[in-house]
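The block underneath contains the structure these notes are about, expressed in structure tokens.
The values are calculated or read from the model by the stated rules, or taken from the named source; none is laboratory data. All of these numbers come straight from a predicted model, not from anything done at the bench. Every residue, glycine as well, gets a Cβ built from its backbone with ideal geometry; the counts of neighbours run over all protein chains shown. These accessible areas exclude ligands, DNA and RNA; they are computed on the full protein's heavy atoms, side chains included. Shrake-Rupley method; radii C 1.70, N 1.55, O 1.52, S 1.80 Å.
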Amino acid sequence: MTSPPAGTGAHDEYLPYGRQCISDDDIDAVVEVLRSAWLTTGPMVEAFERAFSAACGASFGVAVNSGTAALHAAVHATGIGPGEEMIVPSMTFAATANSALYVGATPVFADVEADTLLLDPEDVARKVGSNTRAVMSVDYAGQPCDYDRLSGITRARGLRLVADSCHAVGATYGGRPVGTLADVTAFSFHPVKHLTTGEGGMALTADESLAAAMRVFRNHGITSDHRTREQQGSWFYEMVELGYNLRLTDFQCALGLSQLSKIGRWVAQRRALAALYDDRLAGSIDVVPLARRAGREHAYHLYVVRVIGEGRRDRLFRFLRERGIGVNVHYVPVHLHPYYRKRFGTGPGLCPMAEQAYSEILTLPLYPAMDEADVDRVVKLIAEWSTVAA
Ligand SMILES: *Cc1c(COP(=O)(O)O)cnc(C)c1O
């Protein structure tokens, strides 16, 4: 276990469910770029793309200004559009499903496995129809989905598989890293995620044409960028399609690169803290960690438990929040959001496993600067609640 950085050692402070680790070398890396000639579309973008894609075993990386932008670019690159459907799990952040809407496609909600809350391949197979063009997996909490079965379905039917792996930097499936398991894999560098650029994201792929499509898309649909034109001594450029400005700045990429140098240690620390939670909660019958599958290395973006018993999750949530523990709930099933209900007529009954889980799940604090005493503080309060509130 690594010790927490200075200033976070007190064990009576508010514990958020997640937070970034920024140290002096990160700050120096950003400042150095701020003093350089290129604040955006400069050399740090490519350096970060190469380093992050190499770390995940992928051939190509396209850096963008959020995880949502990475999903948007990925979905755009698959070519899916109006009148076509993309299957998404309901137990996820809204951006997963929204990415289909951005390109005019329709998200179709599939349920999750009851014990892992990962996209259920059987329900995916049931929901594939004549208009289905893509499936988006979500490696919920940091555990990879069943990629053998998911890619079996997508390959057999000629569908694209896009992975929303915003939770799963450093996870593996059958020894293969997340980032190599789908046609395109999207990551987020929001401060609660494994590494941060403030806001930021990246899309990884082994397919050069998908990478090229995403590069054009992030730059207004224009086929060359500012630096390339300057290097070529040319002013000419052409916009060939409608894209967006989804670019990530060079100083953010410098932060990402600096953060990336610590990712191995951070993922190991997340796993060590998760193992401590597992150990301390092992005897509990009413606060139960989610299931893990063999052959998958979990990256632990989140440590999620189920609180068994009607209304008890809400009571434990309040109990812990009142005592400085920043527990949270991930997520409101997307098909229950008012926007989706109104636009698509979705609602209760569509994804029963996700709905049942939603009433029971609680995310406990987990981030690399935590230590064993922090875990013990959380678990002790849970035990105290269990005896008084049962
Ligand atoms: C964080 C997250 C996103 C969005 O990432 P941003 O960088 O905040 O845009 C999308 N999907 C999932 C599952 C996430 O956790």
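Residue check: is R377 over 30 Å from L101 (Cβ atoms), open to solvent by 20 Å² or more (accessible area, probe 1.4 Å) and not hydrophobic (A, V, I, L, M, F, W, C)?
On the way: over 30 Å from L101 (Cβ atoms): yes; open to solvent by 20 Å² or more (accessible area, probe 1.4 Å): yes; not hydrophobic (A, V, I, L, M, F, W, C): yes.
Considered against the rule, which asks whether it is over 30 Å from L101 (Cβ atoms), open to solvent by 20 Å² or more (accessible area, probe 1.4 Å) and not hydrophobic (A, V, I, L, M, F, W, C), R377 comes out as yes.
Evaluate the range 181-193: report whether one residue or more is at negative phi, at pLDDT 95 or above, open to solvent by less than 10 Å² (accessible area, probe 1.4 Å) and assigned to a loop (DSSP other than H, G, I, E, B).
Yes, the range 181-193 contains a residue that is at negative phi, at pLDDT 95 or above, open to solvent by less than 10 Å² (accessible area, probe 1.4 Å) and assigned to a loop (DSSP other than H, G, I, E, B).
Residues that are open to solvent by 10 Å² or more (accessible area, probe 1.4 Å), farther than 22 Å from T40 by Cα, outside any helix (DSSP H, G or I) and not β-branched (V, I, T): does the range 262-271 have at least one?
The answer is yes; a qualifying residue exists.
Where the second residue is assigned to a loop (DSSP other than H, G, I, E, B) and open to solvent by 20 Å² or more (accessible area, probe 1.4 Å) and the first is under 20 Å from P89 (Cα atoms) and lies in the range 309-335, which pairs have Cβ atoms under 7 Å and are six or more apart or on separate chains?
Hits for this filter: N328/Y17; Y331/F93; H335/T346; H335/L350.
For the range 169-197, name all the residues that are in contact with a Pro (Cβ under 7 Å, 6 or more places away or on another chain), within 16 Å of the ligand (Cβ to nearest atom) and more than 20 Å from A77 (Cβ to Cβ).
Passing the criteria: only A171.
Please verify whether L366 is open to solvent by less than 50 Å² (accessible area, probe 1.4 Å), assigned to a loop (DSSP other than H, G, I, E, B) and in contact with a Leu (Cβ under 8 Å, 6 or more places away or on another chain), treating the condition exactly as stated. Talk me through it step by step, then tell me what you get.
On the way: open to solvent by less than 50 Å² (accessible area, probe 1.4 Å): yes; assigned to a loop (DSSP other than H, G, I, E, B): yes; in contact with a Leu (Cβ under 8 Å, 6 or more places away or on another chain): yes.
Answer is yes for this residue.
For the range 337-359, how many residues are assigned to a helix (DSSP H, G or I) and either touching a strand residue (DSSP E or B) at 6+ places or on another chain (Cβ under 6 Å) or surrounded by 17 or more Cβ atoms within 10 Å (Cβ to Cβ) (or both)?
Step one: list which residues in the range 337-359 are assigned to a helix (DSSP H, G or I), which gives 338-344, 352-358.
Checking which are either touching a strand residue (DSSP E or B) at 6+ places or on another chain (Cβ under 6 Å) or surrounded by 17 or more Cβ atoms within 10 Å (Cβ to Cβ) (or both) leaves us with 340, 353-355, 357-358.
Counting residues in the range 337-359 that are assigned to a helix (DSSP H, G or I) and either touching a strand residue (DSSP E or B) at 6+ places or on another chain (Cβ under 6 Å) or surrounded by 17 or more Cβ atoms within 10 Å (Cβ to Cβ) (or both) gives 6.
Can you name the helices (runs of 4 or more DSSP H) wholly within the range 52-147 that have at least 1 residues being under 14 Å from the mean Cα position of the chain (by Cα) and either touching a residue at least 60 places away in the same chain (Cβ under 8 Å) or buried (at least 21 other Cβ atoms within 10 Å of the Cβ) (or both)? Explain how you work it out, then say what you get.
Numbers: elements: 67-78, 94-102, 121-127.
Qualifying helices (runs of 4 or more DSSP H): 67-78, 94-102.
Would you check if there is a residue in the range 39-48 being open to solvent by less than 10 Å² (accessible area, probe 1.4 Å), at negative phi, away from the ligand (no atom under 14 Å from the Cβ) and part of a helix (DSSP H, G or I)? Even if it seems obvious, please write down each step before you answer.
Here is the first cut: in the range 39-48, the residues open to solvent by less than 10 Å² (accessible area, probe 1.4 Å) are 42, 48.
Next cut, at negative phi only: 42, 48.
Within this subset, residues satisfying the condition of being away from the ligand (no atom under 14 Å from the Cβ) are 42, 48.
Narrowing the set further to residues that are part of a helix (DSSP H, G or I) leaves 48.
Yes, some residue in the range 39-48 is open to solvent by less than 10 Å² (accessible area, probe 1.4 Å), at negative phi, away from the ligand (no atom under 14 Å from the Cβ) and part of a helix (DSSP H, G or I).
So, of the residues in the range 152-168 that are open to solvent by 20 Å² or more (accessible area, probe 1.4 Å) and either under 14 Å from the mean Cα position of the chain (by Cα) or of a type in the set (G, A, S) (or both), which turns out to be nearest to the ligand (Cβ to nearest atom)?
Once the filter is applied, the top-ranked residue is G152.
Taking the range 28-38 on its own, how many of its residues are open to solvent by 80 Å² or more (accessible area, probe 1.4 Å) and either under 19 Å from H190 (Cβ atoms) or not in a helix (DSSP H, G or I) (or both)?
Just the residues of the range 28-38 that are open to solvent by 80 Å² or more (accessible area, probe 1.4 Å), to begin with: 28, 32, 34-35, 37.
Keeping just the survivors that are either under 19 Å from H190 (Cβ atoms) or not in a helix (DSSP H, G or I) (or both) gives 35, 37.
Number satisfying all stated conditions: 2.
What do you reckon, is L246 within 16 Å of the ligand (Cβ to nearest atom) and crowded, with 21+ Cβ neighbours inside 10 Å? So that I can check it myself, show each step before the final result.
Details: within 16 Å of the ligand (Cβ to nearest atom): yes; crowded, with 21+ Cβ neighbours inside 10 Å: yes.
Yes: the conditions hold for L246.
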